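The values are calculated or read from the model by the stated rules, or taken from the named source; none is laboratory data. Only a predicted model underlies this, so the values are computations on that prediction, with no experimental measurement involved. Counting neighbours? That spans all protein chains shown, and the Cβs are built from the backbone with ideal geometry, glycine included. When the accessible area is computed, the model is the full protein with side chains, heavy atoms only, and any ligands, DNA or RNA have been set aside. Shrake-Rupley method; radii C 1.70, N 1.55, O 1.52, S 1.80 Å.
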Amino acid sequence: MQYKFPENFWWGSSASGPQTEGRFPNDGKGDSIWDFWYQEEPEKFFNGVGPEKTSQVYKKYKEDIQLMKKIGHNSFRTSIQWSRLIPEGRGTVNPEAVKFYNSYIDELIANGIEPFFNLYHFDMPMTLQKEGGWVNRKTVDAYVEFAKTCFELFGDRVKKWFTHNEPVVPVEGGYLYQFHYPNEIDMRKAVIVGYHENLASAKAIEAYHAMNLPGEIGIILNLTPSYPRDEANPEDVKAAKIADAFFNRSFLDPAVKGEFPEELVTILKELDMLPEIQAGDLETIKNNTVDLLGINYYQPRRIKAKETPIDHSHGPMPDDYFDNYDMPGKKMNPYRGWEIYEKGIYDILTNTRENYGNIPCFISENGMGVEGEEKYINADGQIEDDYRIEFISGHLKYVSQAIAEGTNCLGYHMWTCMDNWSWMNAYKNRYGFIAVDLDQDGKRTIKKSGYWFKELAETNQFEA
Ligand code: BGP
């Protein structure tokens, strides 16, 4: 069967500054929380590989853009590293960073690849983190200044901006489940972080629109559908709704509807954990919703009613209201330990159509991280990643169905272009269309999936 996509569909991939650029002498970059954490505890990172190594995109971006072109990209998303552009988080702008991002943007455009730029991809400048990071309201002001600087410097050519990538992840990783610096477990702080990220996003959107630049601004959210163990069990259904409010609607509702979900507000009120809301904040959030929604989808969330005893050792936690459900027989990506459930992407797109005004959206990340891909290298030195082609096409079938039913989905970006540095997992799992050989100075080789994607992008269809 043929699966078709509209003309001018955005085909490409996504990446981030901190996971790709690397650090080089005299580049003027300041420390982010990742640079700092790696200096403090390098053993926490897979094989001891830190954020200064990455795929050297800072030096190799021209070569990389030729490869993107070769695999059919018409668009590509990465992020501006706050700590590269403004090394201390606020104040002086680093001229080397301006040169780099200008040249990166111009090179993309000259090669027919539209640059999409995100402003925050988990990479708080360390100077600001020392003052509390997102827990401190002053960070919101610093972020808005940073955003304005980006719009002023690059907004004439960059026409797709995003305020955050997966803002719930710094909440979860930094303040609930310990996989981002500062690695705390403190739900009160987690709530403040989420609130400030939402407020910062609305204020950046307000600033962008006030500048009347020729483009759009949105947010990128990892929308993880919450499926109850048993649809017929009201306790499971209720638990899944609460998980959805904590992890999806906490950002989706303010971003698209300009308001926080009632269920979440009620719970936080009961816990006496509502953040401090200053006069005008809620109006700012109400009046500055997104033009465009990026959707990252990797895995669903399976939920059952709380059965295990509540763990009080760290105070209240979202998990006091539900248990994760380990569904028997689910399909897994064993390397990352994530379930593969293709229909989830269709459910998200249907939800945006039915409940979020059919907002213009696109799939901004979807992908499969695999460890030990060298075992799939053929005689010509190419990685035959048929599993990745199967993963992408399995999801794209559902994207095409959602579009046929009227969902306003404008593109598909795979995570990622070149294999890159996956935070604490460093280079363990590889996600790219293009392999990066760390032992050969980051040598690039297009995988089978890259050539498959090229054909898809050129014809706007595939057969399966
Ligand atoms: C998303 C992030 C990316 C990327 C990807 C893969 O959540 O936006 O930065 O890393 O997930 O996940 P991981 O790198 O943890 O395997």
Quiz item: Relative contact order of the range 2-463: what whole-number percent is it, with Cα pairs under 8 angstrom and at least 6 residues apart?
Solution: 18 percent
Practice problem: Diagonalise the Cα gyration tensor of the range 2-463 and give the resulting equivalent ellipsoid semi-axes, square root of 5 times each eigenvalue, largest first, whole Å. | Solution: 31, 27, 23
Quiz item: Distance from the Cα centre of the range 401-464 to that of the range 33-84, in angstrom?
Solution: 15 Å
Quiz item: If we sort 133-142, 249-258, 271-280, 314-323 on the protection proxy, mean other Cβ atoms within 10 Å, highest first, what's the order?
Solution: 249-258, 133-142, 314-323, 271-280
Quiz item: Using the Cβ atoms and a cut-off under 13 Å, what net charge is assigned to the surroundings of His314, where Lys and Arg are +1 and Asp and Glu are -1?
Solution: -3
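For the chain, what does the helix formula give at 222 nm: sum of -39500 (n - 2.57) over DSSP H segments with n ≥ 4, over the residue count, nearest 500 deg cm²/dmol?
One gets -11500 deg cm²/dmol as the mean residue ellipticity at 222 nm.
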Quiz item: What ranking do 384-393, 187-196 get when scored by the average of other Cβ atoms within 10 Å per residue, highest first?
Solution: 187-196, 384-393
Quiz item: If we count every other residue with Cβ under 11 angstrom of Asn198's Cβ, Lys/Arg +1 and Asp/Glu -1, where does the sum land?
Solution: -3
Exercise. Between beta-carbons, use under 12 Å as the cut-off and find the net charge around Tyr431, counting Lys and Arg +1, Asp and Glu -1.
Key: 0
Quiz item: How much area per residue is accessible in the chain when the probe is 1.4 Å and only protein heavy atoms are counted (Å²)?
Solution: 39 Å²
Quiz prompt | Anchor Lys238: aspartates and glutamates whose Cα lies under 19 Å away (excluding residues fewer than 8 positions away in-chain) | solution = Asp230, Asp253, Glu262, Glu263, Glu270, Glu307, Asp319, Asp320, Asp323, Asp326, Asp347
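Only four residue types carry charge here, +1 at the Cβ of Lys and Arg and -1 at the Cβ of Asp and Glu. Report the dipole size of the chain about the Cα centre in Debye, rounded to the nearest 20. Numbers along the way, then the final one.
On the way: 50 positive and 71 negative charges, 167 e Å.
It works out to roughly 800 debye.
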Self-check item: Peptides 76-87, 175-186 ordered by average Cβ neighbours within 10 Å, highest first
Solution: 76-87, 175-186
Practice problem: Go through Tyr335, Gly369, Trp161 and say which Cα lies farthest out towards the positive end of the charge dipole of the chain; charges sit on Cβ, +1 for Lys and Arg, -1 for Asp and Glu. | Solution: Trp161
Quiz item: How much length is gained if the chain between Asn183 and Lys159 is pulled fully straight, taking 0.36 nm per residue apart and subtracting their Cα-Cα distance, in nm to one decimal?
Solution: 5.1 nm
Quiz prompt | Total charge dipole magnitude, the range 46-101, about the Cα centre, Cβ charges on Lys, Arg, Asp, Glu only, Debye to nearest 20 | solution = 200 debye
Quiz item: Taking the Cα centre of the range 59-156 as the origin and placing charges on Cβ (Lys, Arg +1; Asp, Glu -1), which of Gln81, Val93, Leu67 is farthest toward the positive end of the dipole?
Solution: Leu67
Exercise. With 19 Å as the limit, write out which pairs from Lys70/Lys443; Lys60/Lys375; Lys4/Lys397 have Cα-Cα distances beyond it, or answer none.
Key: Lys60/Lys375
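Nearest-5 percent of antiparallel DSSP beta bridges in the range 2-463?
30 percent
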Quiz item: Of the accessible area of the chain, with the probe set at 1.4 angstrom, what percent is carbon plus sulfur?
Solution: 49 percent
